[in-house]
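Take a look at the structure set out below.
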Amino acid sequence: MQHRRRDFARLAEAAKRNLSLELRDGVIVEAEFHAKLLAQWAKTDVLLMDDLAIALLADTARRDRLEVLDDRHGLRSTIITSQIPVESWHAAIGDPRLADAILDRLVHNAHRFTLSGESMRKRQNGLTNQEDSE
């Protein structure tokens, strides 16, 4: 109930200020703010996308990723981390057309590093057998 009150309060405030609002993945956002954020990501010299596709991407997230990557392609650096192998990214992204476009901008001129071994967090917290991970 508290969440709904905040949404209604934001809608009322937006109506007073004559803002354009969008519903993006169940969250009300100011369209102008969202556009500025995507533009800022597109202009950042080095953009880090951590844990890409750790969960299935919503349609708006796929489209936003594509827009940002398209603006950056060949101009700026993008670093991607993921626990999912690159070969599985297509399925994890979801929509085949958007996945093709996103991956086309990511993998063809990429420098790839594949890490192996136990998680450093597990190792630091003593949750792994040191002999097995060396």
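Scanning segment 65-97 for residues that are exposed (fewer than 13 other Cβ atoms within 10 Å of the Cβ) and basic (K, R) yields one hit, R97. Among residues belonging to segment 89-134 that are of a type in the set (G, A, S) and over 16 Å from the mean Cα position of the chain (by Cα), point out the one that is modelled with the highest pLDDT. Looking at the filtered set, the residue picked out is A110.
Taking segment 67-101, which residues are among the aliphatic types (A, V, I, L, M) and either touching a Lys or Arg at 6+ places or on another chain (Cβ under 8 Å) or over 24 Å from A39 (Cβ atoms) (or both)? Selection gives L69, I84, V86, A91, A92, I93, L98, A99.
The values are calculated or read from the model by the stated rules, or taken from the named source; none is laboratory data. What you see is a predicted model; the values in this text were computed from it and never measured. Quick reminder, even Gly has a Cβ in these numbers, built from the backbone with ideal geometry, and neighbours come from all protein chains shown.
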